[in-house]
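What follows is a single structure, written as structure tokens, with notes after it.
Bear in mind these aren't lab numbers, they're just calculated from the coordinates by the rules spelled out. None of these values were measured; they are calculated from a predicted model. Quick reminder, even Gly has a Cβ in these numbers, built from the backbone with ideal geometry, and neighbours come from all protein chains shown.
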Amino acid sequence: MTITYPYTIQNPVGEKLIFTDLKREHDGDRLVIENFLTPGKGPKMHTHWMQDKALKVIKGKLGYQVKGGPKQYADEGEIVFFKRGTSHRFWNAGNEELHCQGWMKPANTVTFFLTSLYDAQNKSGRSQPEQFVAAFLVKHYSEEYDIPSVPRFARKMIIPLTYFIGKLLGKYECFKDAPEAVRPKKYYH
């Protein structure tokens, strides 16, 4: 997947991301992002095991929560930082469109992963992505990303079975050039 910046993705549930630049740095590429959320919308609780993320509120009110912690809020000009490996969520806590600018580092496969996720949401027309694509992403990139709200039974039984059926049906031909998952040992010696 070749990216020309700025690169925009949007899903059907009120989330838009613009990857504005990829800055090459000696300790990993920094992906510069902007996001726009409609009121009440935002990603579910999720974890990126290898990327740190920062968001600065440009316009609106950001709600955010680290797993197990209280809901918190950031206003215009404030910055929120999520350390790699920390499960978190954020949402538009205001009545107008939320606009944030920020970054993720190291970028690794995040552009491909989120583009594929948003495409699968667009295909299904809802926040739940198309099942075969979701199974591929969850299985293939499990060491990079996690969605803690997926029940254990689904992780252990349904997702692997769906992935297996998808392979049998040839559903993953579109992922033949997908970037390889980055393994944690590259960053944690």
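Okay, here's what the table says:
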| read-out | value |
| --- | --- |
| Residues LEU22, LEU55, LEU169, sorted so that the one with the fewest Cβ neighbours within 10 Å comes first | LEU169, LEU22, LEU55 |
| Difference of contour (0.36 nm per residue) and Cα-Cα distance, ARG24 to GLN72 | 14.1 nm |
| Charge context of GLY40, other residues only, Cβ under 12 angstrom, K/R +1, D/E -1 | -1 |
| Qualifying trypsin sites (Lys or Arg not before Pro) for the stretch 1-80 [loop in DSSP, other Cβ within 10 Å: at most 12] | ARG24, LYS44, LYS71 |
| Cross-link table LYS41/LYS83; LYS123/LYS167; LYS59/LYS176; LYS83/LYS167, entries beyond 28 Å C-alpha to C-alpha | LYS59/LYS176; LYS83/LYS167 |
| Sequence-distant residues sharing a close amide H with GLU76 (under 5 Å, placed H) | GLY60 |
| Shape parameters for the stretch 110-179, alpha-carbon atoms, Rg then Dmax in Å | 11.5, 30 |
| Helix-only [θ]222 nm of the chain, DSSP H runs n ≥ 4, -39500 (n - 2.57) each, per residue, nearest 500 | -5500 deg cm²/dmol |
| Charge sum, other residues only, whose C-beta stays under 14 Å from GLY69's C-beta, Lys/Arg counted +1 and Asp/Glu -1 | +4 |
| Largest-first ellipsoid semi-axes for the stretch 13-53, taking √(5λ) over the Cα gyration tensor eigenvalues, angstrom | 24, 14, 5 |
| Potential lengthening between ASN95 and ARG152 on full extension [0.36 nm per residue; Cα-Cα distance subtracted] | 17.0 nm |
| Volume per residue that the Cα convex hull of the chain spans, once the total is divided by residue count, Å³ | 126 Å³ |
| Where GluC sites (Glu not before Pro) fall in DSSP loop in the stretch 99-189, at most 10 other Cβ within 10 Å | GLU180 |
| Mean separation of Cα contacts under 8 Å (6+ apart) over length of the chain, as relative contact order % | 22 percent |
